[in-house]
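Worksheet: the structure to be examined is printed underneath.
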Amino acid sequence: MSGTEGKVVAITGASSGIGEATALLLAERGAKVVLGARGSDRLEALARRITASGGEAAYARTDVKRREDLSNLVGLAIERYGKLDVLVNNAGVAPISPLDELRVEDWEEMIDVNLKGVLYGIAAALPVFRRPRFRTFRQRHFHGRNSNHTDDGGLCRHEERRAHHHRGVTSGSRR
């Protein structure tokens with residue numbers, strides 16, 4: 001039995017890449033995963049794959065640019081499983097272009113997804129993490145990765161390309 005077994009983990013950006021791999025690994029280790037991403041078809045297919053392998057999964061179409069979508073994802077975890085132990089703020093975009101191309105819309109998308117999306121996730125999950133069984137919500141670094149951490153072991157891992165943003169953001173949640 002792993003420390004992951006029975007944990008309820010919500011994951012943004014779960015329909016592909018790191019989010020999908022995280023969901024599969026955590027479900028394999030006994031976590032109940034709550035999947036969020038913009039692609040409903042891919043989410044449904046992933047949830048079916050997890051449940052066909054004996055895991056537990058729920059999903060909701062989630063656009064991290066919409067605060068209410070993250071509230072709904074956290075609410076789904078509470079409604080379905082009675083708790084939320086971990087939020088993996090994984091959704092992210094990284095359009096790359098020379099600055100002199102002035103792709104301002106791409107810059108705005110990065111801010112909306114990579115920064116505001118993380119803040120919206122924190123806003124949705126932090127009240128749950130602050131319930132009596134969670135003593136603090138603070139930042140730690142594990143193996144060079146930036147993580148949000150609750151004293152009972154809940155982790156929110158972030159990709160390296162966004163880690164520096166999260167250090168400042170989550171340090172503001174310390175008491």
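Each value in this text was obtained by applying a stated rule to the coordinates, not by laboratory testing. If you're wondering where the values come from, they're calculated on a predicted model, not measured in any experiment. Positions of Cβ are backbone-derived with ideal geometry, glycine not excepted, and every protein chain shown enters the neighbour counts.
Structure values in brief
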quantity	calculated
Which listed residue is aliphatic (A, V, I, L, M), free of Cβ contacts under 8 Å to residues at least 60 places away in the same chain and over 24 Å from Glu5 (Cβ atoms), from Leu119, Leu26, Leu43	Leu119
Some residue of the stretch 95-104 being among the hydrophobic types (A, V, I, L, M, F, W, C) and touching a strand residue (DSSP E or B) at 6+ places or on another chain (Cβ under 9 Å)	no
